[in-house]
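Data first, discussion second: the structure below is written as structure tokens.
Throughout, read-outs are computed from the coordinates displayed, never taken from laboratory work. The model shown is predicted, which means the values in this text are computed figures rather than measured ones. Virtual Cβ from ideal backbone geometry, glycine too; neighbours counted across all protein chains shown.
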Amino acid sequence: MRTDTGRVFRLEDYRPSDYLIPRTDLSFVLSPDSTIVTARLLIRRREGVAPGTPLNLDGDGLTLRLVEVDGKLLEETEFSAPPESFVLHRPPAKDEFVLTIVTEISPSTNTALMGLYRSNGVYCTQCEAEGFRRITYFLDRPDILSVYTVRIEASRAEAPLLLSNGNPGATGELPDGRHFAVWHDPFPKPSYLFALVAGDLGAIHDEFVTMSGRAVALAIYVEHGKERLATYAMDALKRSMKWDEEVFGREYDLDVFNIVAVSDFNMGAMENKGLNIFNDKYVLADENTATDADFANIEAIIAHEYFHNWTGNRITCRDWFQLCLKEGLTVYRDHEFSADERSRPVKRIAEVRTLRAHQFPEDQGPLAHPVRPRRYREINNFYTATVYEKGSEVVRMIRTILGREAFRRGMDLYFDRHDGEAATIEDFLKCFEEASGRDLSQFTLWYHQAGTPNISATSAYDAAAKEFTLEIEQSLPPTPSESRKRLMHIPLQFGLVGPDGQDLSYAAVEGTAVEDGVIHVRKRRHSIRFSGVEERPIVSLNRGFSAPITLSLEQKTEHRVFLARHDSDPFSRWQSFNTILTEATIAGSKRILGGGEAEFEPVIAEVAGAIVENENLERAFRALALTPPGEADIAREIGSNIDPDAIFAARDALVRRIAEANRDQFLAAYHRLEDNGLFSPEAASAGRRALRNVLLDYLATTQDGPDIASAHFGSATNMTDRAAALAVLVHRHCERAEAQDALHAFEVTHGDDPLVMDKWFAIQAAAPGPNTVDAVQRLAAHPRFSIANPNRLRSLFGTFFSGNQSGFHRADGAGYRLFAETVLEVEKRNPQVAARLATGLRSWRSLEPKRQELAREALVSIASTKGLSADLSDIIDRTLA
Ligand code: ARG
Ligand code: ZN
């Protein structure tokens, strides 16, 4: 484990490397405890650099065996190899030389899962961001592009399959039951895209013919016996390849495309050139093991990694500060793909929910950072919702500002101009400015300023003059180390909704740039006057969530109800009802804190009933509209002095109130939506299940709730329904025998499938109330749990720390003590995953004072532990700062 050196990396310190590595030949002689890596590097001195300038390579935990320069063994005095680098004191004065380095590593003891490690007996790698330096000494930075040839040698019995990047080359047998394979990747790439897999795996094969008629051999490698579970992923891959050709004109460029699923993986997946490596959770699926959400995630992540081939691999990042250049853009691309493959409005609502649940709290707490950060201590901690999700929103706003055509021209220019390069955000933006003739300089602040902007708006209608005025004000709250903010360019899609639900037209507009239904907010205040507005409109603002902001818009409930029923923009319809539910819950929690009871206006239950019946709306949309805001969403809206118990009670009361008022109607709809027994993972079928399962959650709070839920569980013919019923039973009726029986039945059926058991762990970890701390502790001792596996950790502890408001934030601080203990224990094996778990307390300052103090104590107890990793101390220090 690399302990924290406190070293800070700064964007402004970037300078090109003195040396380049145009060619990299690697040879691996694999063995679990002692793998020998021989790197033959063609080193080229960059033009203008003085001959003899020392060469400084990165390394991490390597055992150096041998060094040669141009075939000549080096003396000990000619180099030094302290723990984190290799320094060649006086490289040859000529322009190019060959440096050969032999290192020894131990994949079987690599528990950090960075570099070369073993997962279920399979050798695999994870090099992004800085894992390659755990394999050999190298210029391990993304602007060093090299052409790789890789030779892998292993025991044939242990590893019949030998894979690396690029196209396959020679293979052959060796003495003692060993064999080898050579791979060559003609596309220069940074070291973080290097990958190797060796093991005994099953596969499914397919083929894709590209737009220019080249056949690409596709394969997905999985554990033997699980081949059938990869068919959905394969289908998603072929659809992704086709979509990227049609929508972005991007063709695949190698003869093969391989995906490998492994069960021990720190993140979701990795876009290594021609050899994507996946967390098996995002590959394996059938109706009995995966939920509809899993299918949607698989489709999105398969697409995401594939799309990286152009946005990330062909054009990579100059340095890690530019991470959003590939991640934000690629998330934008996978969102568009899912929107095209499924329902665009439903996808948009789901995206916004994710953004608000993950990015907003980050942006509004101590870990806030710009989409393009200016400094970091540990880059692995910057694979964040801000870089990914907000990064995608920023690209989406560019499209909104430019329009689809100019946006596409900008993308084409970007691909054209920067193919084969390591680029920056400035390079990217310039392409859109040139392609559109627009000035994006103010817009650029979205990349540089942290924090969620707020727009507040008021409106007035003058019936006599037929004028509608809108007063808009922007503000951006301070974030860590950025107290003063500059004014942003915020594109707000809007409509003036008339009494019949249609958008009203207006004759003219004064006060600011309004173009094609978009208000371009650029100043602090705008007073916008629409003339020739025949009737009193209700303003619908930030349609489609065109900008990732918070909106303070005083609006009467009756106006929100009107928009929830009639807005022509589906996102805004969803938003209006969601806001009604959120405001009602907040008001309810205040009354509860004041010693009273939550009360709700009857119109809320009425609208909910009308949504269920409205056959003009997609079922998936109706399901989302009826899903009440989560406890964390409500806490975020309240902002400070949070008491999670009051929020829980208010939300629970709201659900009961809606269910009670609509009981017969919900039950009838629930039965109408029954399964016909034939499963399809497609959006329409998933939408039916989603609506039925939301209704189940309401019905579970009514009389016979436990019976309905346990019947649902017992008759489920797919995992979506089964897991939904289990969650309802465990979250709403955990004291009842029905809940315990269902848990037991689930375990008996799925005990041998770790990915399915992850759901069993997560459902229990998400159970509200004070008993869950103890339950989580008990589950950590369950034979199917393992502290070594990131998926298990995320299911049990990740869910509990980040997804269970009332359970984790128990008033006596027991949750926080478990947090500190667990984070420190996990850190010993895997600092990266420990750091991720530790973000569970990032919003501690918004808690009420007693909980705040207990949370602080837990954080301080971690901070005062000796020898913390860079990963964990970075998170804890910033959280406490
Ligand atoms: N580039 C990967 C993706 O597709 C994420 C890899 C992150 N890995 C890490 N160790 N930080 O989004
Ligand atoms: Zn990515």
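Side notes on the structure shown:
- Contour excess over end-to-end distance, with Cα ends at residue 527 and residue 412 and 0.36 nm allotted per residue: 37.7 nm
- Between the helical axis of 292-307 and the longest alpha-carbon principal axis of the chain there is an angle of about 40 degrees.
- Point-to-point label distance, residue 781-residue 556, nm (Cα→Cβ direction, 7 Å offset): 6.1
- With respect to the chain, whose longest principal axis is taken over its alpha-carbon atoms, helix 323-341 is tilted by about 50°.
- Residue order, fewest to most beta carbons within 10 Å, for 146, 715, 710: 715, 146, 710
- Global form of region 771-881, assessed from the alpha-carbon gyration tensor, a/c cut-off 1.5: oblate
- Label point distance in nm, residue 821-residue 106, each placed 7 Å from Cα along Cα→Cβ: 3.0
- Spatial separation of Cα centroids for region 499-550 and region 473-492, in angstrom: 21
- C-alpha center-to-center spacing [region 93-131, region 394-433] in angstrom: 34
- Neighbour counts of other Cβ atoms within 10 Å put 797, 666 in the fewest-to-most order 666, 797.
- Extension reserve of the residue 740-residue 534 stretch, reckoned as 0.36 nm per residue once the Cα distance is removed: 68.0 nm
- Compared with the dominant principal axis of the Cα atoms in the chain, helix 644-672 is inclined by about 80°.
- Cα shape, region 454-546, gyration tensor, a/c 1.5 rule: prolate
- Helix-derived mean residue ellipticity, 222 nm - over the chain, DSSP H n ≥ 4, -39500 (n - 2.57), to 500: -12000 deg cm²/dmol
- Here the convex hull built on the C-alpha positions of region 316-448 has a volume of 109 cubic angstrom per residue.
- Region 670-719 and region 254-321 have Cα centres lying 30 Å from one another.
- Where labels lie 7 Å past Cα in the beta-carbon direction, separation of residue 471 and residue 65 in nm: 7.5
- Rg(Cα)/(2.2 N^0.38 Å) for the chain, N = residue count: 0.97
- The fewest-to-most ranking of 524, 375, 396 by surrounding Cβ atoms within 10 Å reads 524, 375, 396.
- For the residue pairs 281/347; 326/828; 347/590; 828/850, the alpha carbons lie more than 25 Å apart in 326/828; 347/590; 828/850.
- Measure of compaction for region 1-200 (Cα Rg per 2.2 N^0.38 Å): 1.02
- Positive contributions from Lys and Arg (+1) and negative ones from Asp and Glu (-1), summed over other residues with Cβ under 9 Å from the Cβ of residue 701, come out at -1.
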